[in-house]
Amino acid sequence: MDRLQRAIDTLHEVDREAERRGAQSSLHPLARLLVCILFTLTVVSFSRYELSGLLGMSLYLIVTGIWEDISFFKGVYRLRYLFAAVLLLGLANLFYDRRVMFYLGGLAVTGGMYSMVSLWCKGILTVYAAYFLLLTTGIERLCMALLRLGLPEGMATALLLTYRYLIVLFKEAQRMIQAYALRAPRQRGIHVRAWGSFAGLLLLRSMDRAQEVYDSMLLRGYGGAPAYEGKRDGSRVLCSVCYLLFWLCAFFFLRFVPVFHLVGNLLL
Amino acid sequence: MTEIEVKGLTFSYDGCRRALSDVSFAVKEAETVGLIGENGAGKSTLLKILVGLLPDHQGEAFVGGLRVEKRNWRQIREKTGYVFQDSESQLFLSTVYEDVAFGPRNYGYDEQEVERRVREALEQVHIETLRDRQIYRMSGGQKKLASIAAVLSLRPKILLLDEPSGALDPRNRRNLIQVINGLEGTKLIASHDLDLILDTCERTILLFDGKVIRDGDTQTILSDEELLTAYGLELPLSKSRSR
């Protein structure tokens with residue numbers, strides 16, 4: 001199976017998982033979105049030398065992962081390219097901050113190394129939080145929640161259609177690459193000379209397909225905004241409020257109490 | 001009662017070459033009409049105009065008693081089901097259930113009603129067992145039936161089908177003909193599969209170069225070899241075999 005097919009399969013798989021969890025969930029998508037935003041803001045608010053505090057924030061991901069039955073390893077695999085980009089963050093810190101902070105065994109740990117790891121943690125935690133949000137809510141409900149939060153309708157629609165367009169783009173690219181490969185069996189990949197026309201044609205074809213998909217949405221009542229939020233009842237609202245309050249308190253606690261640091265002190 | 005009425009309809013994509021030229025006809029309630037013609041005759045264009053996908057046309061078009069214009073699009077689309085030529089374009093969600101439920105959810109029905117409509121639509125095209133199947137893993141025939149179900153879940157009074165039998169094998173084609181014949185309401189079917197038209201439509205409109213050439217009884221038009229040949233078509237296989 002080629003890489004594009006795997007990417008298409010992954011997107012469909014994420015959609016399916018999100019639908020299963022979103023449909024059964026007793027939480028409103030808005031509550032999940034707010035918790036994710038709070039989590040991100042809390043993570044970002046840590047200074048670059050507060051690594052132990054940052055590690056405490058991973059409790060949110062661990063609890064959510066176990067509660068929602070989300071595989072961490074699958075997440076690492078699916079987000080591997082994003083994580084690779086995250087690892088590039090903070091590399092410059094190694095050169096600018098050479099002050100030795102402490103020794104680990106015989107290794108001198110500089111401020112640059114420490115802040116780089118801290119940046120990695122921030123990146124990984126926030127990427128994982130967004131991934132968990134998508135997996136537990138689904139793109140339609142997520143856009144609906146963003147609308148509730150005051151995002152302009154046009155932007156929510158653009159987000160939804162961009163996500164849908166990804167699948168169309170991958171499918172068109174796959175067809176074109178297969179057609180190219182069948183007529184150039186000795187060529188590995190696409191020849192550099194064909195890149196320009198290939199990219200242009202891919203864009204035009206995928207735009208045509210995306211237009212048809214959009215037409216199909218319009219003909220089935222799509223009015224420019226996602227329409228589905230899931231079931232509405234009192235217990236769901238109560239659950240959502242409790243969920244939001246719980247994590248609000250937890251983030252406040254984790255932000256100001258270095259849990260991992262205290263546990264370490266107790267053990268040592 | 002007339003469900004679809006077209007008067008002097010003219011349309012061009014680029015302002016130069018006319019895709020439709022002074023087309024007029026009417027379709028009565030519960031009538032099944034075939035639109036035939038060679039590639040580029042204007043069949044798909046005509047169907048797209050009727051649901052407001054191609055707005056800049058001249059002449060008049062009425063669907064379900066409503067004039068085809070921007071302020072009526074939503075109402076027209078609610079009572080008209082349009083089945084695309086390419087099912088891949090029509091089905092964009094991950095499972096059959098999700099896709100078939102997309103329309104009813106957009107029209108604001110509660111989840112119980114959505115569930116009922118999806119179940120009924122899937123039963124109508126006999127694909128109840130595919131309810132939770134992933135669309136991208138389905139065959140062309142299954143996708144075509146799923147795309148019809150996606151439209152039927154809105155319980156349209158009028159059905160517009162664009163090349164419904166395209167890329168289907170004989171067995172799926174036969175199944176599709178049974179499904180179409182079992183559907184109630186007004187149907188306008190654009191196809192150059194003349195055997196399908198023969199099996200499903202009592203009346204046929206022949207288009208050529210954007211103009212209506214003949215409008216009449218299907219048996220009569222599809223038996224006229226001279227007429228069909230003159231406008232780039234051939235006798236249906238069933239007719240040519242019986243000669």
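Inverting the mean 1/r over all pairs of different Cα atoms, compute the Kirkwood radius of the protein assembly as shown and quote it in Å.
26.5
Sorting A:117, A:127 by accessible area (1.4 Å probe), largest first, what list results?
A:117, A:127
List the residue ranges in chain B for DSSP H helices whose C-alpha atoms run 27 angstrom or more along the long axis and whose Kyte-Doolittle average is 0.5 or above.
Passing helices, by number: none.
How big is the antiparallel share of DSSP beta bridges in the protein assembly as shown, given as a percent to the nearest 5?
60
Expected output is a single nm value to one decimal: the length gained when fully extending between residue B:71 and residue B:10, i.e. 0.36 nm times separation in residues minus the C-alpha distance. What is it?
Roughly 19.9 nm would be gained on extension.
Given a Förster distance of 35 Å, report the FRET efficiency between residue A:108 and residue A:266 from their Cβ-Cβ distance, rounded to the nearest 0.05.
0.80
Quote the FRET efficiency, to the nearest 0.05, computed for residue B:17 versus residue A:84 with a Förster distance R0 of 56 Å and r equal to the Cβ-Cβ distance.
Once rounded, the FRET efficiency stands at 0.65.
Looking at region B:107-243 only, what percent of DSSP beta bridges run antiparallel? Nearest 5 please.
The antiparallel fraction comes to roughly 55 percent.
If you count only protein heavy atoms and use a 1.4 Å probe, how large is the accessible surface of residue B:110, to the nearest 10 Å²?
The accessible area comes out at roughly 90 Å².
Put +1 on the Cβ of every Lys and Arg and -1 on every Asp and Glu Cβ in region B:56-175; which of B:62, B:106, B:151 then has its Cα farthest towards the positive end of the dipole?
Comparing the listed Cα positions along the dipole, B:62 ranks first.
Run the quick spin-label model on residue B:126 and residue B:223: label points 7 Å from Cα toward the beta carbon, then report their separation in nm to one decimal.
Modelled inter-label distance: 3.0 nm.
With a cut-off of 8 Å between alpha carbons and a minimum separation of six or more residues, what is the relative contact order of chain B in percent?
RCO, chain B: 26 percent.
By how many nm would the segment from residue A:99 to residue A:186 grow when fully extended, if each residue of separation counts as 0.36 nm and the alpha-carbon distance is taken off?
Once the chain is fully extended between residue A:99 and residue A:186, it gains 25.9 nm.
How well do other chains shield peptide B:91-101, expressed as the mean number of their Cβ atoms within 10 Å of each residue Cβ?
4
When only DSSP loop residues count, what trypsin sites (Lys or Arg not before Pro) in region A:37-100 have their Cβ near at most 13 other Cβ atoms within 10 Å?
A:98, A:99
For chain B, give the share of DSSP beta bridges that are antiparallel, in percent and rounded to the nearest 5; count only bridges with both residues there.
Once the DSSP bridges in chain B are tallied, antiparallel ones form about 55 percent.
Taking R0 as 56 Å, what's the FRET efficiency between residue B:214 and residue A:201 from their Cβ-Cβ distance, rounded to 0.05?
Approximately 0.90, to the nearest 0.05.
Indicate the residues belonging to region A:195-221 that lose 10 Å² or more of solvent-accessible heavy-atom surface (probe 1.4 Å) upon moving from the chain alone to the assembly of all protein chains, ignoring ligands and nucleic acids.
Residues losing area: A:209, A:212, A:213, A:215, A:216, A:217, A:218, A:219, A:220, A:221.
Quick check: pseudo-label points 7 Å beyond the Cα along Cα→Cβ at residue A:9 and residue A:193, how many nm apart are they?
So the label points at residue A:9 and residue A:193 sit 3.5 nm apart.
The values are calculated or read from the model by the stated rules, or taken from the named source; none is laboratory data. Only a predicted model underlies this, so the values are computations on that prediction, with no experimental measurement involved. As a convention, Cβ positions derive from the backbone with ideal geometry for all residues, glycine included, and neighbour counts pool all protein chains shown. When the accessible area is computed, the model is the full protein with side chains, heavy atoms only, and any ligands, DNA or RNA have been set aside. Shrake-Rupley method; radii C 1.70, N 1.55, O 1.52, S 1.80 Å.
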